[in-house]
Structure formats: C-alpha cells, structure tokens
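Below is one structure, written out as structure tokens; comments come after it.
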Amino acid sequence: MYVHDLNPIALQIGPLAIRWYGLMYLVGFAMFLWLGHVRARDAWRGMSKADVDDLLFWGVVGAVVGGRLGHVLFYEPQMLWHNPLEMFAIWKGGMASHGGILGVILVMWLFARSRGKSFLRVCDFVVPLVGPGLAAGRIGNFINGELWGRVADPASVPWAMILPGARDGLPRHPSQLYQAALEGLLLWAILWWFSRKPRTAGVVGCMFLICYGSLRIVGEFFREPDLLYGTLPLGLSAGQWYSLPMVVAGVGLMVYFESRARRQPAAEPASQAPVKRRR
C-alpha cells in the first residue's frame, strides 16, 4: 500500500521555499501562453499574439484572486474572522476552481471592453486554453496531499493510497489525479477539437460550462466531501452542487445562441453585393 509522503517544497534556500503547488500554476500559465500563440495563428479568431500575452496577465489575476476568494467564501468562510491574513497564503494551496472560473470570466469581460472586442468571442478563444492549467493545479493538490479521495477497497482499487492528511490510515482514491485527467486533459481535448472550426459566438464557452460541470460532477464521486458541508441532498457534495448550475446554464445558453443565430438573416455574399458605378 502506497503511503503518500511527497514533499510539497520543491526547493528551499534558507527561509525561501519554492513549492510544487506554485510551480504547477506556472506550468499552467506557460501552457496557456503557448497554446494561445498556436490559436492566434488563425486570423479568423480575431486575436493576435500580443492579445494572448495581455490575456495571460489578466487571466493570472482573475484565476488567482478568484480562486482564492472562492475557496475562502465557498469552503472556509471562518477564515474571514479567525485568521484573515491566511487568505493571502496561496502557496499553501486552497484554490477553488469555481471561484477561479468566475474570476477569469470577469477579467475576460473587462479585457473585451477595453479592446472593443466581443466578450463571447474572447470567451470562445480562451476556454480551450485552460485545461492544462486545471490539470496542473490538481497535480499540485496531489503533491500537497490535500483534497483526498474517498475510502477505497484495495482489492478492487489496487492503486489506492494512504494520505497522512486524512489522519485515519485508510486507503483512498487518488481523486486529485482522476480530476486532473477529467477536468484537465479530457476537457482540453474536447474543447480543442470542438473549436477547430468557426462556431456561433459563445457556443465554445457554453461547451466549456457543460463539459467542465459534467466532468467535475463525475470526479467528485471519488473525492471526499468537504468537511464544512459534508454530503448534501441527493448524496451530492458541495462541488457537485456548484457544478450543476454550470451545466444547466451551458445548455440553456447554447440553445439560445444557436437559435438566435438561425433567426438572423444571412449576410449577403460579397460576390453578389451591389457595385456602385462611377459616373
């Protein structure tokens, strides 16, 4: 039986400690930049490499601030009055994906307004780039030994492991790795394939809401429910209940965007446009 004993500190020089969790975020941001430059080669997407560079900065702020605030508000609200300075200790872990998504949505809206771009088109460009970062964050959770999985039977789950943080010595699912594969790599593959060709504005963003929410719900079945809420109605965890509105909103908005696009009159082809003659 594997006992999780990974050191969360990658390198320490005197009082300065570089943690794997922070390095995972750097990996995610680097992947965003590289994949964004690849997508910017398609001129029809309406984004340049310079836009991608700026989006990275905006996205870092949105993901980190939104992720940390989301964790505190959704999962550890007692931190606000017991130890408010702990809110800034992001290197220790504790980032909520749903909060990070809300933060990124906000900064994408601000970016679109500042550049005179369509908010929906900016969303469609960005969402296929975030999967590797989500996967890297889950790997950081695994190295930290946090957000562990539910108790597993080693006979049927031979890769089950003991995490000292759980303090019960019971074998558990490595749910962080499951979620890295589902919400990270599989999500990225689906969105990258889906967005290869032009789509109705906003539809790729809707696909993100549907796929992330659905895959998060699946992954949460192997993850220990959060201590603050435990198991909620219908046997679901807080993460699953937070994800359900994403799926519903994604389906509803996709239907709306597609139906609105069908109702709009088709643009007249340039070759058939009337030509003004000079006199």
Highest-fluctuation residue, 12, 264, 240 considered, GNM on the chain with Cα pairs under 10 Å: 264
Local electrostatic count, residue 203, Cβ distance below 10 Å [Lys/Arg +1, Asp/Glu -1]: -1
Helical mean residue ellipticity (222 nm; -39500 (n - 2.57) per DSSP H run of 4+; nearest 500) of the chain: -17500 deg cm²/dmol
Residue 170/residue 264 FRET efficiency (R0 41 Å; Cβ-Cβ; nearest 0.05): 0.10
Within a Gaussian network of the chain (alpha carbon springs, distance under 10 Å), most fluctuating of 32, 119, 257: 257
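Any idea what the relative contact order of segment 7-262 is, in percent, if you count C-alpha pairs under 8 Å spaced at least 6 apart?
On the way: 390 pairs, mean separation 44.5, N = 256.
Across segment 7-262, relative contact order equals 17 percent.
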Segment 200-262: relative contact order in percent, alpha carbon pairs under 8 Å with at least 6 residues between: 52 percent
Estimated inter-spin distance, residue 221 and residue 185, nm [label 7 Å along Cα→Cβ]: 2.0 nm
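Grab the beta carbon distance between residue 78 and residue 109, set R0 = 22 Å, and tell me the FRET efficiency rounded to 0.05. Could the numbers behind the result be given before it?
On the way: r = 31 Å, r/R0 = 1.40.
The value I calculate is 0.10.
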HN-Hα J in Hz across segment 58-73 - Karplus 6.51, -1.76, 1.60, θ = phi - 60°, x for Gly and Pro: 4, x, 4, 4, x, 5, 6, 5, x, x, 6, 4, x, 4, 5, 6
GNM flexibility winner over the chain from 196, 45, 68 (Cα, springs under 10 Å): 196
The chain: angle of helix 20-39 to the longest principal axis, Cα-based, in degrees nearest 10: 20 degrees
Two-site label geometry, residue 50 and residue 11: point separation in nm, points 7 Å out along Cα→Cβ: 3.4 nm
Listed residues 2, 213, 176: farthest to the positive end of the dipole of the chain (Cβ charges): 213
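We did not get these values from a lab; they are worked out from the coordinates using the rules stated. Because the structure is a prediction, the values reported are computed rather than measured. All Cβ positions, even for glycine, are placed from backbone atoms using ideal geometry, and neighbour counts span all protein chains on display.
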